[in-house]
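Have a look at the structure below, then the notes.
The values are calculated or read from the model by the stated rules, or taken from the named source; none is laboratory data. Fair warning: this is a prediction, and the values are worked out from it, not measured in the lab. In this analysis, Cβ positions are derived from the backbone assuming ideal geometry, glycine residues included, and neighbour counts consider all displayed protein chains. Protein only, heavy atoms only, side chains kept; ligands, DNA and RNA dropped before computing areas. Shrake-Rupley method; radii C 1.70, N 1.55, O 1.52, S 1.80 Å.
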Amino acid sequence: MVRNGRLSAVIALSCAVAGVGLVGCEDSAKEGLLTGTKKIEVGGRSVKVSCAGTSADGRPVIVLLAGGGDGLEKVAGVQKTLSEKSRVCSYDRLGEGGSEQPDGPQTLKSTGKVLTAVLDRVAGDRPVVLAGHSLGGLIAARYAPDHQDRVKGLVLMDATSPTQTADLNKGIPESATGPAVELREQTLAILHGGKPERLTVPDGKVRSAGSIPVEVIHHGKQYLAAVPEYGPGLERAWSNGQRKWLAVSSRSRLSTAENSEHYIYVDQPDVAVRAIERVASQAADRA
């Protein structure tokens with residue numbers, strides 16, 4: 001998130017969620033799956049991963065995907081709560097938290113390969129539900145269509161719009177002045193290969209992942225309206241971006257976390273937990 005005076009609550013494309021290291025269970029260890037907090041090697045780079053809890057037969061493994069800029073500690077509470085009923089894992093993408101820096105520019109394809117390697121270690125052949133916040137939500141939604149054999153549900157918590165670059169360029173034009181310009185430039189830099197992940201995130205059409213259960217959760221407190229002059233338009237564009245993600249599945253559902261700003265899982269953790277548990281249960285019923 002860009003934090004600058006009145007803009008402390010503005011577009012949090014680089015906001016992140018993940019979970020701290022929580023001790024896993026013996027059942028998972030017996031299956032050869034990662035438990036607790038460890039670093040694994042993926043393509044010669046070290047990736048920090050954390051898992052907790054256990055899942056009944058047929059119930060998917062829940063994997064939390066961070067936005068940009070936060071570490072595993074950010075969703076410790078949510079991971080702990082979810083782990084009472086399910087196996088829940090999280091990880092730091094390259095450039096984030098306790099993982100190593102990438103050895104060069106990253107693409108959605110390359111960051112997807114890291115996610116695949118993590119899923120191999122934490123879920124094995126089990127189905128998974130991906131729950132992503134902000135940029136992590138975008139990554140999850142872009143990944144799912146190409147991995148329908150594995151991804152059986154999605155929860156997108158205020159996910160970055162699939163047309164975020166165009167939204168920003170339209171919402172804050174070149175003629176703009178003041179704090180909005182800094183917001184636009186810093187956010188576009190992150191989306192176009194800037195630190196910490198060096199990840200390029202192009203705009204694109206939302207592709208379908210079939211008929212998997214999907215919950216899209218939008219913030220209810222209009223914090224983007226704090227941006228002088230351009231705030232209301234940014235709020236409208238963000239809302240439209242959330243609706244665009246509904247196309248990822250024929251079973252998508254949009255809801256609003258009425259008392260939340262961008263960090264829905266912090267402002268209303270009960271809303272995030274219930275949505276993730278609903279999708280996990282629906283995915284299990286379809287197994």
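Residue-by-condition table, conditions (1) over 28 Å from Gly32 (Cα atoms); (2) under 20 Å from the mean Cα position of the chain (by Cα); (3) among the acidic types (Asp, Glu):
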| position | (1), (2), (3) |
| --- | --- |
| Glu100 | no, yes, yes |
| Thr111 | no, yes, no |
| Val128 | no, yes, no |
| Val151 | no, yes, no |
| Asp158 | yes, yes, yes |
| Ala176 | yes, no, no |
| Pro179 | yes, no, no |
| Glu182 | yes, no, yes |
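Ile11 meets the conditions (1) at pLDDT below 75; (2) β-branched (Val, Ile, Thr); (3) in contact with a strand residue (DSSP E or B) (Cβ under 6 Å, 6 or more places away or on another chain); (4) buried (at least 18 other Cβ atoms within 10 Å of the Cβ) in every case but one. The failed one is (3).
Where helices (runs of 4 or more DSSP H) fall entirely within segment 107-181, those with at least 3 residues that are among the hydrophobic types (A, V, I, L, M, F, W, C) are at 108-122, 135-143. There is at least one residue in segment 191-204 that is touching a Leu at 6+ places or on another chain (Cβ under 6 Å), on the phi < 0 side of the Ramachandran plot and not in a strand (DSSP E or B).
Looking across Leu199, Leu138, one residue alone is more than 13 Å from the chain's Cα centre (by Cα) and surrounded by 21 or more Cβ atoms within 10 Å (Cβ to Cβ). It is Leu199. Restricting to segment 213-233, name every residue that is outside any loop (DSSP other than H, G, I, E, B) and not aliphatic (A, V, I, L, M). Answer for segment 213-233, where residues must be outside any loop (DSSP other than H, G, I, E, B) and not aliphatic (A, V, I, L, M): Pro213, Glu215, His218, His219, Tyr223, Gly231, Pro232, Gly233.
For first residues located in segment 59-87 and hydroxyl-bearing (Ser, Thr, Tyr), partners that are open to solvent by 10 Å² or more (accessible area, probe 1.4 Å) and lie 6+ apart or on another chain with Cβ distances below 6 Å form the pairs Thr81/Val273; Ser83/Gly53; Ser86/Gly53; Ser86/Ser55. Answer yes if at least one residue in segment 182-190 is surrounded by 14 or more Cβ atoms within 10 Å (Cβ to Cβ) and outside any helix (DSSP H, G or I), and no otherwise. No, segment 182-190 contains no residue that is surrounded by 14 or more Cβ atoms within 10 Å (Cβ to Cβ) and outside any helix (DSSP H, G or I). Cβ separations smaller than 8 Å between residues 6+ apart or across chains give the following pairs from segment 41-56 residues that are outside any strand (DSSP E or B) to residues that are open to solvent by 50 Å² or more (accessible area, probe 1.4 Å) and modelled with pLDDT under 95: Gly44/Asp103; Thr54/Asp27. Condition check for Gly193 on (1) open to solvent by 40 Å² or more (accessible area, probe 1.4 Å); (2) touching a strand residue (DSSP E or B) at 6+ places or on another chain (Cβ under 7 Å); (3) in contact (Cβ under 8 Å) with a residue 40 or more places away in the chain: one failure, at (1).
Lys152 fulfils the conditions (1) touching a strand residue (DSSP E or B) at 6+ places or on another chain (Cβ under 8 Å); (2) over 25 Å from Ala257 (Cβ atoms); (3) open to solvent by 20 Å² or more (accessible area, probe 1.4 Å) except for a single criterion, (2). For segment 79-96, residues that are in a helix (DSSP H, G or I) and open to solvent by 10 Å² or more (accessible area, probe 1.4 Å) total 2. Within the option set Val47, Val61, being at pLDDT 95 or above, surrounded by 17 or more Cβ atoms within 10 Å (Cβ to Cβ), closer than 22 Å to Ala283 by Cβ and within 21 Å of the chain's Cα centre (by Cα) holds for one residue only, Val61.
Scanning segment 164-187 for residues that are small (Gly, Ala, Ser), at pLDDT below 95 and more than 15 Å from Ala226 (Cβ to Cβ) yields Ser175, Ala176.
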